[in-house]
Amino acid sequence: MSLNATTPRAIARLLAVVAVLLAVVGGATAPDALAARKATLPGWSLIGDYDLQVDPGFVSVAGNYDFSIEGASGSLQVVYKVGAGKRAALAAGGLFNFTFLTLTGTFSVDEVAEGNGPQRIALTDTVKNPNFAFDGVVQPDGRTIVGTYLRRDGFAALPGTVTGELTLRRVTPLNPPTAFRLIFASTMVRSGVVSGGLDGDRKEKRAFLEVYRDGSGNQTFDGGKVTGRVVTKAATATAPATTTAKVKIVGKGWTAALDGPIDADGFHAAVDLRAAGFQVVDAPMLLPVQAGPEPPPPPPPPPPANLLDKGVAKVVAGHVTVTRGSVPKKFFGAAGSITVELPTTAFGQTVVADPSTASVANPTRFFVKIGTKTYGTGATGGAVSMKVRSFVRGSAQVIEVLCTGTVADGTGGVKQLFPPDGILLQATVAR
């Protein structure tokens, strides 16, 4: 990279190099930098099948009603529709005094200090002239709507313009819906990414949403795709660890969003829903959760500094010969090779190398060759203690010899066996 480069990309690369150098000067190590970048595993898992009854803040007014005014009775069927501005509105049709009613309307919910206030509806016959209008308050159980009406002169063949009280009494359904229904399944991977749960064929499940429609039941939207993420921020010196979740569900003509913290009690979600002109904002819901993914096991400890593995052992008639060539320079100050001879009866024992046993059938010796010199074979070959054991690793037999002490070349040259711990020689028995 040229230091004369002045493009934004070149400048960014140069600044990155400077940042790394500053981290090194400041004492940061490569593992420290990696640890800082490693994301904290989610403390909780959003995994399960959920069937949520989401309170929109008002009871459904869809259904069939009877009423009576001025000595005449009438009936009315109220349904929800998508009105102006793609917002939910009302439509109603019925019969009064042998006159067909075709009404359009709106609904609203009063805002109060805590929660929602009364729900109000307004219905107007905009087809006939003179017309009819009704304004009423929906009772909490949704069974009656109490208000006032205005009938213009000539409407329904009745004389005079009249105002008065009017109560719509629900006929069916007697217990109207009081909530929307959101159904979805979710699963989560270790990183916290959330997606739709899987069915028996390992296919992603799709979400459903039911909202108010008419007196026969709710309107159902399907095909919702679930996405989201669970994130845990690690604890600091001044704050505990915190976990939050965001889930978004998108279907044709509808959306749902859940956002909030997670703790041992569950996912405290604020739910937003949009469908068929309805809009619900921050409806509180509590969803059960599972424990977060287990952290990976810690890395295995590094091998001991005195380990010298990759040796080869041959066992013949109760006698073991272990050889290891290309011994690293750190052990003797120069590259070399090691040979160990001992009887199989030494397994599980500590024995002392004896150069004088070279002439017997089953010697116990330790010698090192470095360049043209051999250490440990003469009468003054040194004193090497060898702690021997044999074990199985996988399908192979391993012979391990912990060698401590010194070896000499007979001319005054002495080599210590990697003090203070000695050499931990491991060899696989050749087959």
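The values are calculated or read from the model by the stated rules, or taken from the named source; none is laboratory data. Treat the numbers as computed from the prediction; the structure is a model and nothing was measured. Backbone-built Cβ (ideal geometry, glycine too); neighbour counts: all protein chains shown.
Among the residues of region 125-143, which ones are in a strand (DSSP E or B), crowded, with 17+ Cβ neighbours inside 10 Å, without any contact (Cβ under 8 Å) to a residue 40 or more places away in the chain and not small (Gly, Ala, Ser)? Scanning region 125-143 gives Asp125, Phe132, Phe134.
Taking the criterion of being within 30 Å of Gly94 (Cβ to Cβ), of a type in the set (A, V, I, L, M) and not in a loop (DSSP other than H, G, I, E, B), the residues of region 154-211 that qualify are Ala156, Ala157, Val162, Leu166, Leu168, Val171, Leu209, Val211. Taken over region 280-336, the criterion of being farther than 30 Å from Thr232 by Cα and under 34 Å from the mean Cα position of the chain (by Cα) is satisfied by Pro302 alone.
Within region 405-430, being over 17 Å from Ala334 (Cβ atoms) and of a type in the set (A, V, I, L, M) holds for Leu424, Leu425, Ala427, Val429, Ala430.
Set side by side, the residues Thr243, Thr227 differ, and just one is surrounded by fewer than 19 Cβ atoms within 10 Å (Cβ to Cβ), under 14 Å from the mean Cα position of the chain (by Cα) and in a strand (DSSP E or B), which is Thr227. Is there a residue being charged (D, E, K, R), out of contact with any Phe, Trp or Tyr (no Cβ under 7 Å at 6 or more places or on another chain) and at pLDDT 95 or above anywhere in region 58-81? Looking through region 58-81, at least one residue is charged (D, E, K, R), out of contact with any Phe, Trp or Tyr (no Cβ under 7 Å at 6 or more places or on another chain) and at pLDDT 95 or above.
Consider Phe184 carefully, then state whether it is assigned by TED's automatic domain parsing to the domain that holds Asp49, surrounded by 17 or more Cβ atoms within 10 Å (Cβ to Cβ), at pLDDT 95 or above and farther than 30 Å from Thr40 by Cα. Answer is no for this residue. Looking only at residues that are aromatic (Phe, Trp, Tyr) and part of a strand (DSSP E or B) in region 371-428, which one is surrounded by the most Cβ atoms within 10 Å (Cβ to Cβ)? In this case the residue turns out to be Tyr375.
Residue count for region 276-303, restricted to those that are loosely packed, with under 10 Cβ neighbours inside 10 Å and touching an Asp or Glu at 6+ places or on another chain (Cβ under 7 Å): 0.
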